[in-house]
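Here's the structure, in structure tokens; my notes come after.
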Amino acid sequence: MIKGQRTSGREEALKILYFIEKAFAEQNSGNVTIESIVNDYEKIHPCDTVDIRSSQIREFALSLVREIHDNKEYIDKNIEKYSKNRRIERIDVITLSILRLGICQFVYFKDIPPKVVINECISLSKLYEEDEKTPSFINGILDSIFHEKITG
């Protein structure tokens with residue numbers, strides 16, 4: 001992937017995760033599959049498949065979303081463990097999605113340097129969150145997980 005494509009893919013994944021939380025949070029999740037959610041998202045936000053770069057970005061985004069979906073319980077347990085002062089239900093949807101993206105990449109995308117993951121997640125929080133404390137919150141959790149799990 002060309003530099004910048006993963007950044008765009010992370011941003012696209014964040015949008016899909018937000019879509020999932022907002023569009024499907026109140027529905028019976030037993031009847032909804034990740035594939036049906038992604039199909040619904042793609043109907044609303046189609047990818048220009050002629051543009052190879054766009055399709056590569058979308059594929060990276062979808063691989064992140066699928067990995068998060070498949071491992072949500074494990075990822076969320078880590079968020080709960082490290083967000084000492086906030087229960088997971090009280091974390092804003094965007095912030096929670098960014099944390100899930102970061103932890104997912106630490107654990108399941110080992111080819112991405114952890115420092116890059118942290119910096120990209122902080123950048124996303126600055127772009128999409130209004131609370132100026134959010135980047136520090138995200139940095140604190142991801143940095144703690146990085147130091148305990150990665151450098152251990």
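Every number here is computed from the coordinates shown, using simple stated rules; none is lab data. Being a predicted model, the structure only gives us computed values, none of them experimental. Here Cβ is always computed from backbone atoms with ideal geometry, including for glycine, and neighbour counts include all displayed protein chains.
Miscellaneous remarks
- Cross-link reach list, lysines versus Lys43, counting only Cα pairs under 23 Å and skipping chain neighbours closer than eight places: Lys15, Lys22
- Computed E for Glu21/Asp143 - FRET, C-beta separation, R0 25 angstrom, nearest 0.05: 0.55
- One way to sum up the overall shape of segment 5-150 is the equivalent ellipsoid from its Cα gyration tensor, whose semi-axes run 24, 18, 14 Å, largest first.
- Computed magnitude of the charge dipole of segment 5-150 (debye, nearest 20; Cβ of K, R +1, Cβ of D, E -1): 440
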